[in-house]
Amino acid sequence: MNKRQFLTRAAVLSATAAPAFGAKRVHSESCASAPVILTISGAIKRHNRGALDPAFDQLLAKHQVKFSQAYGVDLSLLAGMKAVTIKPTIEYDSRQHTFSGPLLTDVLDHVGAPGAGSTQVLLHAVDGYAVMTTLDTVRAYRFIVATQMDGKPLPLGGLGLLWAIFDADNIPQLSAKPLKERFDLSPWGLYHMQVSEA
Ligand SMILES: Nc1nc2c(c(=O)[nH]1)N[C@H]1C(S)=C(S)[C@@H](COP(=O)(O)O)O[C@H]1N2
Ligand SMILES: [Mo]
């Protein structure tokens, strides 16, 4: 491309990218500026997106997910919820780490999930790991959707972006078990949840 064309395009881009001075920057749920990092499908009352699109929802489609409506959660929504901090010993290095993030029950309430304890919650991770639990267990274990470990965001490619985790050291049925058997309900890389009425 010639230089003139490049400069013209750059000017157009910067003109559209820079908000007018003093312009109010509004963040609302309809403002799709932040990526969705968690999709919630199934028996929920609130939705902010339509049906799974096999052409564009590639990972969900690969994992056989189906929905006609869902709720896409971004990090600012999670960051705006009351954060809970826990310090469980994890099995990967047998050490205690600090995790923080909202209660999973708060996230489920936000999307209008049912309140019955028998409600089934499928926790689904980027590597395809999926585990089903109940709202009773989510409440009893005080699951959090951890966005941070030891004060740092959890990386994609590592244990992030989100880790559904609980304070196993302080849950008697779990702390009685060997470390390697405590975390089967705890997917790292959580990116999809499906709620079903029992
Ligand atoms: N994303 C993801 N989370 C996961 C797993 C997994 O394979 N993928 N395995 C689960 C199981 S069954 C256990 S016991 C612990 C440790 O599993 P791992 O030893 O396979 O890492 O993490 C849990 N969380
Ligand atoms: Mo496991």
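For (1) at pLDDT below 95; (2) more than 15 Å from ligand 1 (Cβ to nearest atom); (3) touching a Leu at 6+ places or on another chain (Cβ under 9 Å); (4) outside any strand (DSSP E or B), each residue gets a yes or a no:
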site	(1), (2), (3), (4)
Asp93	no, no, no, yes
Ser100	no, yes, no, no
Gly112	no, yes, no, yes
Ala116	no, yes, yes, yes
Thr133	no, no, yes, no
Checked against (1) closer than 18 Å to Ser196 by Cβ; (2) of a type outside the set (A, V, I, L, M); (3) modelled with pLDDT under 95, Phe67 satisfies every condition except (3)
Suppose the filter is surrounded by fewer than 17 Cβ atoms within 10 Å (Cβ to Cβ) and closer than 20 Å to Val73 by Cα; does Asp136 pass it? no
If you scan region 149-198, which residues turn out to be more than 15 Å from ligand 1 (Cβ to nearest atom), assigned to a strand (DSSP E or B) and closer than 28 Å to Ala51 by Cβ? Gln194, Val195, Ser196
Could you give me the residue pairs with C-beta distances under 7 Å whose first residue belongs to region 68-89 and is under 16 Å from Asp109 (Cα atoms), whose second residue is of a type in the set (A, V, I, L, M) and in a loop (DSSP other than H, G, I, E, B) wherever it lies, and which are 6+ apart or on separate chains? Tyr71/Ile44; Tyr71/Val111; Asp74/Ala34
Scan region 174-187 and report the pairs whose first residue is farther than 19 Å from Val121 by Cα and whose second residue is within 11 Å of ligand 2 (Cβ to nearest atom) and outside any helix (DSSP H, G or I), with Cβ atoms within less than 8 Å and a gap of 6+ or a chain change. Leu174/Arg182; Ser175/Arg182; Leu179/Glu91; Lys180/Glu91
When only residues in region 166-198 that are within 14 Å of ligand 2 (Cβ to nearest atom) and under 17 Å from the mean Cα position of the chain (by Cα) count, which is surrounded by the fewest Cβ atoms within 10 Å (Cβ to Cβ)? Leu185
The one condition Leu123 fails out of (1) away from ligand 2 (no atom under 16 Å from the Cβ); (2) buried (at least 20 other Cβ atoms within 10 Å of the Cβ); (3) part of a strand (DSSP E or B) is (1)
Residue pairs meeting the criteria (Cβ under 8 Å; at least 6 apart or on separate chains; first in contact (Cβ under 8 Å) with a residue 60 or more places away in the chain and under 15 Å from Ala79 (Cα atoms), in region 104-118; second assigned to a loop (DSSP other than H, G, I, E, B) and of a type in the set (D, E, K, R)): His110/Arg46
What is the residue count in region 135-148 for residues that are part of a loop (DSSP other than H, G, I, E, B) and hydrophobic (A, V, I, L, M, F, W, C)? 1
Tell me which of these Glu91 doesn't satisfy, since it passes every other one: (1) more than 16 Å from ligand 2 (Cβ to nearest atom); (2) in contact with a helix residue (DSSP H, G or I) (Cβ under 8 Å, 6 or more places away or on another chain); (3) acidic (Asp, Glu). (1)
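The values are calculated or read from the model by the stated rules, or taken from the named source; none is laboratory data. Values in this document were obtained by computation on a predicted structure and should not be read as measured data. Neighbour counts are summed over all protein chains in view; Cβ atoms, including those assigned to glycine, are modelled from backbone coordinates with ideal geometry.
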